[in-house]
Amino acid sequence: ELAPHEYGLPKAAARLTHLDDVRELLDPRQNPAAFRLCQGAALASEAIPALLGLAQFGCRDALRCRSLEVLAQLSFAHAGGAEAIAADEGVLPALHAALGSSSPVQLAGLQLAQALAAAPAGGAVTTLAPALAQAARQLLLGGAAFEVLARAALDVMVSASFHDAGAVAAALPVGMLRALVSEDQGRPAWLPADPLHLLACGLLAANAVAAPALDDDGDDALTRQCVAERLASGQFVEVFHVALDAAAGQAEWPQGSGVYHSQQRLALAARRLADLGQHRRLVGAVPHLARIVEMATDDRAGDAALTALLILGRDVACLVALLGLSSFRQDVLGPMCDAGDSAPAVSLASYLADVEGMLQAAQDTLHATRSFVPHAPSVRSLAEVFARLGPLDAEVGADRLLGALGAVPVGPRSAVLASLSGSAAMTGFTFQDFARYVYGTPTVLGWWPGFMEDAASKWSAVQADWAATDHALPSLADVLALFERGAGDKSTVSALRLLEDIVPSLGFGMDSAAVEDAFYRIRGQERLSLSEFADWLGGLYSGAACEAAEARAHEAEEAARVAEAQAA
């Protein structure tokens with residue numbers, strides 16, 4: 001046994017052979033059957049203070065490296081070991097000494113920091129995470145000097161971001177986060193653009209950007225926006241799907257790398273990406289997360305996957321994917337709820353049951369009125385509009401919902417407001433309320449049959465006969481928006497507004513035959529309803545298309561004449 005004052009003496013070097021033997025016993029590759037037992041025995045021997053002392057004061061680099069390596073092995077996939085080391089007052093002095101030493105000792109120190117940061121969140125490890133990020137910061141920034149150290153420091157930053165993303169983001173200079181997620185010339189020269197590093201940088205960025213800002217600095221906000229945009233447009237999400245699939249099956253990825261990704265952390269990352277608005281690109285993650293719930297290596301991973309599924313389920317496309325996993329709901333989620341020991345499972349099952357019932361009720365309402373509203377939007381379309389405002393199982397304020405009706409599309413707004421004038425209680429709408437008011441019921445005059453069906457029918461006929469021209473044909477939602485723009489707070493639009501505002505905004509020449517004909521058709525008519533406006537606008541576009549076709553035919557005839565004259 002060595003006394004603390006002897007850690008730096010030459011006699012301590014005699015412990016190097018012993019540490020080599022311990023390292024072999026703790027290596028899962030060399031001792032796969034018993035390395036866990038050896039971890040427990042070493043931790044029970046209270047060797048941590050001595051190892052940290054040798055790591056800080058050892059008289060030879062080899063002794064310091066070996067001490068750090070053994071400490072990292074004691075932390076590997078052993079939450080208790082990581083907690084015990086992180087809680088020791090000697091851990092930070094040992095790491096600071098290591099990271100200020102020679103390159104081999106620096107690398108061993110970073111490997112210990114990574115082993116600690118890779119432990120589950122909570123307790124001493126999470127408390128230590130900001131200090132780990134700060135310790136790794138300088139080696140990350142000095143990447144060009146020694147690439148291996150920079151990459152190891154990056155691994156520490158990524159793992160620490162799952163404990164305290166805000167502190168890790170604060171440790172990175174403005175612009176560094178943008179550089180890490182860059183996939184072009186802005187990427188640091190020491191950082192490969194291979195799938196594994198794209199994943200690591202993306203996870204760090206997603207955690208950092210989703211974390212609350214530490215201040216209101218404008219540069220910080222701009223950086224977060226830029227990073228979020230790069231995550232959305234780059235390869236990260238696709239790489240994330242592949243890694244999540246591998247983690248769900250407890251397989252290494254990339255193949256041959258020996259890297260097994262944490263189910264819990266990738267599930268947490270899915271939640272972060274959802275927070276950044278990437279729900280729609282995560283539809284493919286739904287079955288992988290369901291497999292993690294089914295095959296989770298521990299409760300933390302299962303709960304993280306269940307929570308991620310609940311958040312993703314706020315998006316309609318992800319919800320449809322979830323509702324389609326009938327065997328998962330029946331054979332996995334159901335028994336978990338029956339057991340009563342998983343609050344996230346109960347929350348997810350309850351949400352799915354409630355929303356499924358709402359969607360079915362809306363579908364029944366549409367089915368009952370379909371013969372009267374053949375052009376009405378689907379239930380899924382309504383759900384998409386509602387979900388942009390709030391969860392499908394919650395109530396949305398009437399003002400917010402009415403402001404989004406143009407996306408259905410339903411209008412005119414003035415007519416909708418008039419239809420609600422006697423409904424003092426409608427301060428908010430559930431999704432079922434929304435569907436009832438759009439489609440109509442025996443007791444509710446629906447907005448679609450009352451205000452939209454005629455216009456939709458006429459515009460559908462225009463779309464069916466349309467051929468591409470220089471003028472793009474507006475969608476029905478665009479038609480309604482044009483009408484609302486001209487009508488203001490009224491339910492009709494004046495011919496004068498068509499002449500002075502609507503037609504010029506569409507890019508038609510005011511002296512064209514199509515425009516003259518369109519206004520000739522409504523001579524003497526001062527105001528148009530929405531249905532009449534759709535009919536009139538369709539005539540304008542059809543006339544413009546005919547006019548363009550005639551012009552092209554005339555140009556072709558002229559060209560043929562010129563060619564014939566030249567040939568003669």
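The values are calculated or read from the model by the stated rules, or taken from the named source; none is laboratory data. Bear in mind the structure is a predicted one, so any value in this text is a computation, not a measurement. Using ideal geometry, Cβ is built from the backbone for each residue, glycine included, and neighbour counts are taken over all protein chains shown. For the accessible areas, the whole protein counts, side chains as well, though only heavy atoms, and no ligand, DNA or RNA atoms are used. Shrake-Rupley method; radii C 1.70, N 1.55, O 1.52, S 1.80 Å.
Restricting to segment 160-182, name every residue that is within 18 Å of Pro195 (Cα to Cα) and either open to solvent by 10 Å² or more (accessible area, probe 1.4 Å) or not in a helix (DSSP H, G or I) (or both). Step through it out loud before you land on a result.
Here is the first cut: in segment 160-182, the ones within 18 Å of Pro195 (Cα to Cα) are 177-182.
Within segment 160-182, Leu177, Arg178, Ala179, Val181, Ser182 qualify.
Does at least one position in segment 13-35 carry a residue that is free of Cβ contacts under 8 Å to residues at least 40 places away in the same chain, open to solvent by less than 30 Å² (accessible area, probe 1.4 Å) and assigned to a helix (DSSP H, G or I)? Checking segment 13-35: at least one residue is free of Cβ contacts under 8 Å to residues at least 40 places away in the same chain, open to solvent by less than 30 Å² (accessible area, probe 1.4 Å) and assigned to a helix (DSSP H, G or I). Tallying residues that are buried (at least 24 other Cβ atoms within 10 Å of the Cβ) and not in a helix (DSSP H, G or I) within segment 109-119 yields 1.
Scan Gln106, Gln56 and give me the residue that is assigned to a helix (DSSP H, G or I) and open to solvent by less than 30 Å² (accessible area, probe 1.4 Å). Checking each option against the conditions leaves just Gln106.
Of everything in segment 222-259, what is of a type in the set (Val, Ile, Thr), at pLDDT 90 or above and out of contact with any Phe, Trp or Tyr (no Cβ under 8 Å at 6 or more places or on another chain)? Give them in sequence order. Spell out how you get there, then give the answer.
Looking only at segment 222-259, we keep the residues that are of a type in the set (Val, Ile, Thr), and these are 223, 227, 237, 239, 242, 259.
Filter once more, so that each one left must be at pLDDT 90 or above: 237, 239, 242, 259.
Residues satisfying the conditions are Val237, Val239.
If the condition is being touching a helix residue (DSSP H, G or I) at 6+ places or on another chain (Cβ under 7 Å) and under 25 Å from Ser419 (Cβ atoms), then segment 451-473 contributes Phe451, Asp454, Ala455, Ala456, Lys458, Trp459.
Test Thr307 against the stated conditions and say whether it is under 30 Å from Ser460 (Cα atoms), among the polar types (S, T, N, Q), part of a helix (DSSP H, G or I) and open to solvent by less than 50 Å² (accessible area, probe 1.4 Å).
Values: under 30 Å from Ser460 (Cα atoms): no; among the polar types (S, T, N, Q): yes; part of a helix (DSSP H, G or I): yes; open to solvent by less than 50 Å² (accessible area, probe 1.4 Å): yes.
Against the criterion (under 30 Å from Ser460 (Cα atoms), among the polar types (S, T, N, Q), part of a helix (DSSP H, G or I) and open to solvent by less than 50 Å² (accessible area, probe 1.4 Å)), Thr307 does not qualify.
Within segment 489-536, the set of residues being under 40 Å from the mean Cα position of the chain (by Cα), exposed (fewer than 13 other Cβ atoms within 10 Å of the Cβ) and assigned to a loop (DSSP other than H, G, I, E, B) comprises Asp489, Gly507.
When you scan segment 218-302 for helices (runs of 4 or more DSSP H) that lie fully inside it, which ones turn up with 1 or more residues that are surrounded by fewer than 21 Cβ atoms within 10 Å (Cβ to Cβ), within 17 Å of the chain's Cα centre (by Cα) and without any contact (Cβ under 8 Å) to a residue 12 or more places away in the chain?
In segment 218-302, 218-233, 236-248 are the helices (runs of 4 or more DSSP H) which contain 1 or more residues that are surrounded by fewer than 21 Cβ atoms within 10 Å (Cβ to Cβ), within 17 Å of the chain's Cα centre (by Cα) and without any contact (Cβ under 8 Å) to a residue 12 or more places away in the chain.
Among the residues of segment 67-103 satisfying the criterion of being of a type in the set (S, T, N, Q) and in a helix (DSSP H, G or I), which is farthest from the chain's Cα centre (by Cα)? This residue is Ser67. The combined condition, being modelled with pLDDT under 95, part of a loop (DSSP other than H, G, I, E, B) and either open to solvent by less than 30 Å² (accessible area, probe 1.4 Å) or over 25 Å from Cys226 (Cβ atoms) (or both), is not fulfilled by Ala136.
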